[in-house]
């Protein structure tokens with residue numbers, strides 16, 4: 001049985017959390033298989049979830065981008081035949097996780113050489129406060145809260161923690177709209193919130 005930990009004030013509460021059989025780990029929602037120069041992307045049960053997929057070369061040039069509904073498309077195949085030898089980055093975004101997989105195309109094969117998954121931060125307004133929650137899993141991060149004039153109201157570097165949960169009170173006379181920027185392992189995530 002998994003447990004969920006909640007921080008309320010300065011008290012730590014540990015509650016059991018039970019998942020039903022049809023709820024999967026978001027990191028396992030999309031899998032990639034490599035066979036010769038064909039890459040197969042498989043989407044597990046993710047009802048009505050949009051998945052965005054992009055393929056780019058090592059220079060950052062997008063070769064392919066598409067968005068599809070995971071409940072309607074369970075598998076996609078991509079041929080890397082004819083592409084120049086080199087490294088390519090496949091990025092798969094769903095509502096909770098961004099997964100980057102780097103593959104190396106060689107003359108007669110393709111190999112997965114690295115992969116990294118980042119949980120996307122959840123940013124929401126509740127009781128007049130901006131709340132930011134994310135799993136970092138020991139990844140380095142920076143959070144900034146920026147007003148509509150571009151002035152940084154808050155900035156924090158985060159290192160060596162598994163999760164980040166913080167609530168911010170921004171006075172309405174400071175700004176009517178704020179943007180929360182979270183940089184996790186060099187990847188930017190933005191969310192604008194009306195105060």
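Computed from the coordinates by the stated procedures, all read-outs in this text should not be read as laboratory data. These figures come from a predicted structure and were not determined experimentally.
Once the Kirkwood radius over Cα pairs is known for the stretch 121-194, the Stokes-Einstein relation at 4 °C and 1.567 mPa s delivers a diffusion coefficient of 104 µm²/s. State the Kirkwood hydrodynamic radius of the stretch 60-195 in Å, one decimal place, computed from all pairs of distinct Cα atoms. In the stretch 60-195 this quantity evaluates to 17.5 Å. Over the stretch 26-118, the hull volume per residue, using the convex hull of the C-alpha atoms, is 85 Å³.
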